[in-house]
Amino acid sequence: MRRPIIVGNWKMHKTTAEAVALVNALRASVTQVQDVDIGVAPPFTALMAVAEALRGSRLFVVAQNMHWEPQGAFTGEISAAMLTGIGCTRVIIGHSERRQYFAETDATVNKKLRAALNAQLDPLLCIGETLDQREGNATFSVLEQQVRHGLADIAAESMARVVIAYEPIWAIGTGKTATPTQAQEVHAFIRSLLGELYGKALADEVRIQYGGSVNAGNIQTLMTQPDVDGALVGGASLEASSFAQIVSFQRG
Ligand code: PEP
């Protein structure tokens, strides 16, 4: 019913030359994969060259961040129009590393989300709890706050274009993956919350990715869960062969 969507988040890795070599290899190794939406999120400096290398392919180009203003005196920032202008179709918003190291809040995440949607850039909204929050039984309340505030004033017409990435912070880059049952429990919670906010029919359309140490060995069981609609992949997306194996997971 929902088409899987798998995106590789390269974070601050790869020069432009390395990025082009990686997508060329990736493009060649995923030609048989027809039923999964596949994206890559290189650093800003490589976006244009990667978009060029992927021209004519089904793979799409994702930015890792953007500013909410359309232009202005914001040294070091990049606007949504600058991203669409070079071929980006999606943008990651509110990654936990941005929240943790660059002081992003639900309020700034919401401004970015609205600006992206207005600029015809489809957002991937990242949410997730820390280990302390999970151990303190605060997972659902933390996620509820991130969803409600992150999506404030986002109309139903736009919501269908938003992908949510559930990324438990304790699982990012740590090698610890949420079990399929843990992921399913949270994804079902997020979907029921979306149902409260937007109605069940729309909530059933929204794709919810899992992120946190996804690799070729665990993608299969994660994807068997009914509310897991794809993955946001960090470390394992930096090699064409491991990312190609992930996007080629076999449907159950
Ligand atoms: C990420 O950065 O979004 C991520 C999930 O990283 P990793 O796969 O390396 O845990």
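If I filter segment 61-71 for residues that are away from the ligand (no atom under 16 Å from the Cβ), under 26 Å from GLN145 (Cβ atoms), surrounded by 12 or more Cβ atoms within 10 Å (Cβ to Cβ) and free of Cβ contacts under 8 Å to residues at least 24 places away in the same chain, do I get at least one hit?
The answer is no, given that none of the residues of segment 61-71 is away from the ligand (no atom under 16 Å from the Cβ), under 26 Å from GLN145 (Cβ atoms), surrounded by 12 or more Cβ atoms within 10 Å (Cβ to Cβ) and free of Cβ contacts under 8 Å to residues at least 24 places away in the same chain.
Checking THR75 against (1) farther than 21 Å from ARG99 by Cα; (2) open to solvent by 20 Å² or more (accessible area, probe 1.4 Å), only one condition comes out false. Which one?
(1) is the only condition that THR75 fails.
Go through segment 22-65 residue by residue and tally those that are among the charged types (D, E, K, R) and under 21 Å from LEU124 (Cα atoms).
Matching residues across segment 22-65 total 3.
Output the residues belonging to segment 1-41 that are within 16 Å of the ligand (Cβ to nearest atom) and assigned to a strand (DSSP E or B).
Once the filter is applied, which keeps residues that are within 16 Å of the ligand (Cβ to nearest atom) and assigned to a strand (DSSP E or B), segment 1-41 yields ILE5, ILE6, VAL7, GLY8, ASN9, ILE38, GLY39, VAL40, ALA41.
With the requirement that a residue be under 19 Å from LYS176 (Cβ atoms), open to solvent by less than 20 Å² (accessible area, probe 1.4 Å) and free of Cβ contacts under 8 Å to residues at least 60 places away in the same chain, what does segment 128-162 give you?
Passing the criteria: GLU129, THR139, LEU143.
Going by the structure shown, is LEU83 farther than 28 Å from ALA216 by Cβ and of a type in the set (A, V, I, L, M)?
Yes: the conditions hold for LEU83.
The values are calculated or read from the model by the stated rules, or taken from the named source; none is laboratory data. For clarity, every value in this text was computed on a predicted model and none was experimentally measured. In this analysis, Cβ positions are derived from the backbone assuming ideal geometry, glycine residues included, and neighbour counts consider all displayed protein chains. Surface accessibility is based on the protein's heavy atoms, side chains included, excluding ligands, DNA and RNA. Shrake-Rupley method; radii C 1.70, N 1.55, O 1.52, S 1.80 Å.
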